[in-house]
Every structure is written in C-alpha cells, then in structure tokens.
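The block underneath contains the structure these notes are about, expressed in structure tokens.
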Amino acid sequence: MARSYSIAVIPGDGTGPEVIAEGVKVLKAAAAAERLTLEFTTYAFGGEHYMKTGEVLPENAVAELKKHAAIYLGAIGHPDVKPGILEKGILLKLRFELDQYINLRPVRLYPGVECPVKGKGPKEIDYCCVRENSGGLYTGMGGQSRPGTKDEVAVQNMVYTYEQVERCLRFAFEYARTHGKKARGIAAENRLALVGKSNVLTYMYSLWNRVFDEIGAEYPDVKREYYHVDATCLYMIASPEMFDVIVTENMFGDIITDLAAITQGGLGVAAGGNINPAGVSMFEPIGGTAPAWTGKNAINPLAAVCAGAMMLDTLGEKKTADRIERGVMKVIEKDMKSMEAGRMGLSTSQVGDRVAEYVS
Ligand code: IPM
Ligand code: MN
C-alpha cells in the first residue's frame with residue numbers, strides 16, 4: 001500500500017516562504033521517487049497575518065495542526081512587529097501546546113562546506129544536540145515590580161519539573177543508543193554528554209545530574225559525560241570531535257546550537273526538529289527570517305531542505321530522508337560556491353531545482 005502523510009506547511013515570515021517553497025519542491029520530488037504520497041496544506045500564520053488582522057494565531061490553529069502528521073515551518077518574526085509577540089505567540093506557543101519537548105539539532109559539516117574552525121572537517125564536526133524544549137527560562141514565569149524606578153525588580157525563573165527532566169533525558173539516552181557514533185559505526189562507544197552549570201545553578205543541576213545518573217543506569221551501553229556550558233562552547237571550537245550526543249536545558253541549548261551552526265557552515269545549512277515523540281512534531285531551518293535577504297531569491301534553502309529530510313526520518317521514512325541528504329551533499333559538492341546567502345553561485349530556486357533533480 002502506498003504510504004501517505006498529511007503535512008501542515010507554515011511558510012511564515014521573511015525568507016521563510018522562499019526556503020519552504022524549495023523544501024516542498026524537493027520533498028515532492030523525493031516522495032515521487034520513493035512512491036510516497038505527501039499532501040501539503042498551507043497555513044498563513046505569521047507577521048503579515050498579524051498586521052492585517054491583529055490576530056497572532058487563529059483560535060482553532062492548534063486543533064487544526066493536530067490533524068496533520070507533521071508541521072513544516074519556515075521562520076517567524078517580522079521587522080514591524082515588536083520582538084516577542086510573534087515568537088512567543090506562534091513558535092513558542094506551538095512548541096508548548098503540541099508538547100514538542102525535544103528540540104533536535106544535528107551538527108554535521110558536509111564535505112565541501114567551508115568551515116570557519118581551522119583544522120576541522122566533516123570527520124570532526126559530526127554530533128547532535130538534544131535541547132529541552134518545554135521548560136526552563138522559556139516557561140515565562142517571573143515578573144517585575146516598580147517599573148521605571150530605581151527599585152525596579154525583574155525576575156525570570158528557570159523552572160523544571162522532574163517529569164520534564166526525565167522525559168528529555170530518556171529521549172537523549174534512546175537517541176544516543178540508536179544514533180550515537182557506535183550505532184553509526186564510527187566509534188567504539190555511544191556517548192551522551194549532559195551540558196549544564198552545576199557549579200552555580202546548584203538547585204537546577206542537582207536535579208538534572210541526579211536524574212541523568214538514575215536513568216543512565218538503565219543504559220549501560222551509553223557512556224555518560226558532564227560538561228559545564230561555558231567550557232562546552234570552548235570545546236565546540238577547540239575539539240568538536242569529542243562530542244557525540246549532547247543533552248541540555250532549553251536556554252543553554254538555544255545558545256550553543258547557534259554556535260554549533262556556524263561550525264557546520266552557518267544558518268544556511270542548520271536544521272532542527274521540535275519533537276513530540278508521541279504527537280505532532282514541527283521541523284524548521286533554524287536560521288530565522290533573514291530580513292536583509294527577503295525577496296532576493298538569494299537565501300540558502302538547504303537548511304529548510306534538511307529540515308524536510310528530518311521530518312521524513314522522524315515519520316519513519318528513512319530511505320526518502322537519506323535520498324534527500326544525498327541530494328544535498330551532491331549540490332554542495334557539484335554546484336554551490338558557498339553556503340552564504342548571495343554567495344552561493346546559484347539562486348535560492350536554482351539550488352532547489354538542482355536538489356529536486358538529484359533526488360528524482
Ligand atoms: C530558536 C529561536 C527561538 C528560541 C526564538 C525565535 C524564540 O532562537 O528556535 O532557536 O529562542 O527558541
Ligand atoms: Mn535560537
């Protein structure tokens with residue numbers, strides 16, 4: 001029987017629609033080659049919709065999105081809308097309401113991609129970050145008092161429940177077991193590194209570290225490591241080859257994955273998945289809206305294409321996902337001069353056309 005999936009598409013703002021159009025083009029071509037049916041339904045959520053209607057997300061949006069197998073998202077954020085309204089009202093709201101408690105961000109330098117880290121190549125830059133995606137500072141708990149006076153107080157709390165920590169770590173151990181460097185045949189063991197700040201955030205990390213060891217005992221085949229987040233930033237540049245799977249809380253994960261992205265060739269190639277292992281997941285290029293490049297047909301669509309591959313992989317369609325990844329590697333090797341917007345040697349749509357051709 002032909003396999004079929006219904007995909008919700010949210011192109012969003014800025015360069016989102018341009019890169020998502022190329023991603024959909026490639027997904028359609030790869031699906032046709034593998035006899036897979038993908039049905040796309042587009043939702044016009046984002047800055048333009050908000051400016052026109054004053055509505056951030058329609059009331060039925062979450063229920064509507066839940067009907068689909070997965071969500072394919074471009075980017076959210078608009079230069080004429082106050083920062084926070086769209087990001088919190090759309091991106092974070094969907095992550096929370098759909099309980100996408102994992103943000104999975106592979107860090108892989110493809111052969112032929114220029115790497116800003118001297119002496120490092122595809123062999124060294126090949127790991128994955130599991131970012132907790134539902135709690136921490138992003139919970140939005142806190143407040144202010146006496147604004148505008150010298151006594152003004154601002155508090156934003158880093159909040160975690162045992163349940164949030166446990167489910168995130170469990171996902172990370174499973175992921176290290178199935179996708180770690182031993183599982184991929186490139187190392188003698190699978191390793192999982194917890195990244196934190198146990199020397200300062202002592203309450204928070206007595207929880208994370210304790211649960212890490214508790215659950216870790218169930219995974220004797222995964223070697224446990226711990227690093228402070230500041231040192232991790234240093235190691236990600238000095239010795240990225242030491243990493244296999246990294247797991248960390250929400251805000252640290254946000255920060256270190258931007259650093260990781262530049263080591264893999266920049267935001268033009270970095271993709272991520274907001275995952276609810278038992279629900280509807282959402283896949284996106286992590287680069288944002290890139291307002292300076294909007295409408296120029298010059299932005300790199302490969303991050304969106306890779307997000308599409310991740311989506312298929314998560315849906316259990318590994319063969320089609322691998323086909324897309326091979327197409328991405330081929331366009332990099334044969335056709336593209338750079339991963340940077342405006343310097344690719346091809347336009348956005350030409351990159352999409354080539355990959356679509358390679359996956360057919
Ligand atoms: C990301 C982004 C978001 C985040 C913003 C846009 C709210 O930076 O996906 O990494 O902080 O998670
Ligand atoms: Mn970020």
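Which one of the conditions (1) of a type in the set (Ser, Thr, Tyr); (2) under 17 Å from Asn133 (Cα atoms); (3) assigned to a loop (DSSP other than H, G, I, E, B) does Tyr175 fail to meet, given that it meets all the rest?
Going through (1) of a type in the set (Ser, Thr, Tyr); (2) under 17 Å from Asn133 (Cα atoms); (3) assigned to a loop (DSSP other than H, G, I, E, B) one by one, Tyr175 breaks only (3).
In the stretch 265-280, what residues are of a type in the set (A, V, I, L, M, F, W, C) and buried (at least 22 other Cβ atoms within 10 Å of the Cβ)?
Scanning the stretch 265-280 gives Val269, Ala270, Ala271, Ile275.
I'd like to verify a number: residues in the stretch 74-97 that are open to solvent by 10 Å² or more (accessible area, probe 1.4 Å), within 23 Å of Pro277 (Cα to Cα) and either of a type in the set (Phe, Trp, Tyr) or away from ligand 1 (no atom under 12 Å from the Cβ) (or both), how many?
2
Does Ile215 qualify as being open to solvent by less than 40 Å² (accessible area, probe 1.4 Å), at pLDDT 95 or above and either away from ligand 1 (no atom under 16 Å from the Cβ) or assigned to a helix (DSSP H, G or I) (or both)? Give the steps one after another, and end with the answer.
Numbers: open to solvent by less than 40 Å² (accessible area, probe 1.4 Å): yes; at pLDDT 95 or above: yes; either away from ligand 1 (no atom under 16 Å from the Cβ) or assigned to a helix (DSSP H, G or I) (or both): yes.
Yes.
Among the listed residues Pro147, Pro122, which satisfies the condition of being assigned to a loop (DSSP other than H, G, I, E, B), open to solvent by 50 Å² or more (accessible area, probe 1.4 Å), touching a Pro at 6+ places or on another chain (Cβ under 8 Å) and not acidic (Asp, Glu)? Break it down stepwise before answering.
Details: Pro147 fails: touching a Pro at 6+ places or on another chain (Cβ under 8 Å).
Selected residue: Pro122, the only one of Pro147, Pro122 that is assigned to a loop (DSSP other than H, G, I, E, B), open to solvent by 50 Å² or more (accessible area, probe 1.4 Å), touching a Pro at 6+ places or on another chain (Cβ under 8 Å) and not acidic (Asp, Glu).
Here are the criteria: (1) over 29 Å from Glu189 (Cβ atoms); (2) crowded, with 21+ Cβ neighbours inside 10 Å; (3) away from ligand 2 (no atom under 16 Å from the Cβ); (4) hydrophobic (A, V, I, L, M, F, W, C). Tell me which single one Val245 does not satisfy.
Of the numbered conditions (1) over 29 Å from Glu189 (Cβ atoms); (2) crowded, with 21+ Cβ neighbours inside 10 Å; (3) away from ligand 2 (no atom under 16 Å from the Cβ); (4) hydrophobic (A, V, I, L, M, F, W, C), the odd one out for Val245 is (1).
Conditions (1) within 15 Å of ligand 1 (Cβ to nearest atom); (2) open to solvent by less than 10 Å² (accessible area, probe 1.4 Å), marked per residue:
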site	(1), (2)
Met251	yes, no
Thr263	no, yes
Ala307	yes, yes
Asp313	no, no
Glu325	no, no
Lys330	no, no
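Would you check which residues across the stretch 281-298 are part of a loop (DSSP other than H, G, I, E, B), away from ligand 1 (no atom under 16 Å from the Cβ) and open to solvent by 20 Å² or more (accessible area, probe 1.4 Å) and list them? Reasoning before the result, please.
Kept after step one, since they are part of a loop (DSSP other than H, G, I, E, B), are these residues of the stretch 281-298: 286-290, 294-298.
Subsequent filtering for residues that are away from ligand 1 (no atom under 16 Å from the Cβ) retains 294-298.
Thr294, Gly295, Lys296, Asn297 - these are the residues of the stretch 281-298 that are part of a loop (DSSP other than H, G, I, E, B), away from ligand 1 (no atom under 16 Å from the Cβ) and open to solvent by 20 Å² or more (accessible area, probe 1.4 Å).
Within the stretch 181-203, which residues are open to solvent by less than 70 Å² (accessible area, probe 1.4 Å), under 21 Å from His228 (Cα atoms) and part of a loop (DSSP other than H, G, I, E, B)?
Selection gives Lys197, Ser198, Leu201.
Any residue that is modelled with pLDDT of 95 or more, at positive phi, open to solvent by 10 Å² or more (accessible area, probe 1.4 Å) and not in a helix (DSSP H, G or I) - is there at least one of those in the stretch 232-239?
Start the filter on the stretch 232-239 by keeping residues that are modelled with pLDDT of 95 or more, which leaves 232-239.
Going one step further and asking which of them are at positive phi, we end up with none.
No: the stretch 232-239 contains no residue that is modelled with pLDDT of 95 or more, at positive phi, open to solvent by 10 Å² or more (accessible area, probe 1.4 Å) and not in a helix (DSSP H, G or I).
Given the structure, is Phe212 under 29 Å from Ala341 (Cα atoms), in contact with a strand residue (DSSP E or B) (Cβ under 8 Å, 6 or more places away or on another chain) and touching a residue at least 40 places away in the same chain (Cβ under 8 Å)?
Details: under 29 Å from Ala341 (Cα atoms): no; in contact with a strand residue (DSSP E or B) (Cβ under 8 Å, 6 or more places away or on another chain): yes; touching a residue at least 40 places away in the same chain (Cβ under 8 Å): yes.
It is false that Phe212 is under 29 Å from Ala341 (Cα atoms), in contact with a strand residue (DSSP E or B) (Cβ under 8 Å, 6 or more places away or on another chain) and touching a residue at least 40 places away in the same chain (Cβ under 8 Å).
Which one of these is away from ligand 2 (no atom under 16 Å from the Cβ), under 16 Å from the mean Cα position of the chain (by Cα) and assigned to a helix (DSSP H, G or I): Asp322, Asp353, Asp313, Asp254?
None of the others qualify; the one that does is Asp313.
If you take the residues in the stretch 98-114 that are more than 14 Å from the chain's Cα centre (by Cα) and open to solvent by 70 Å² or more (accessible area, probe 1.4 Å), which one is farthest from ligand 2 (Cβ to nearest atom)?
Selected residue: Gly112.
The values are calculated or read from the model by the stated rules, or taken from the named source; none is laboratory data. Note that the structure is a prediction, hence the values are computed from the model and not measured. In this analysis, Cβ positions are derived from the backbone assuming ideal geometry, glycine residues included, and neighbour counts consider all displayed protein chains. Just so you know, the surface numbers come from the protein's heavy atoms only, side chains and all, with ligands and any DNA or RNA stripped out. Shrake-Rupley method; radii C 1.70, N 1.55, O 1.52, S 1.80 Å.
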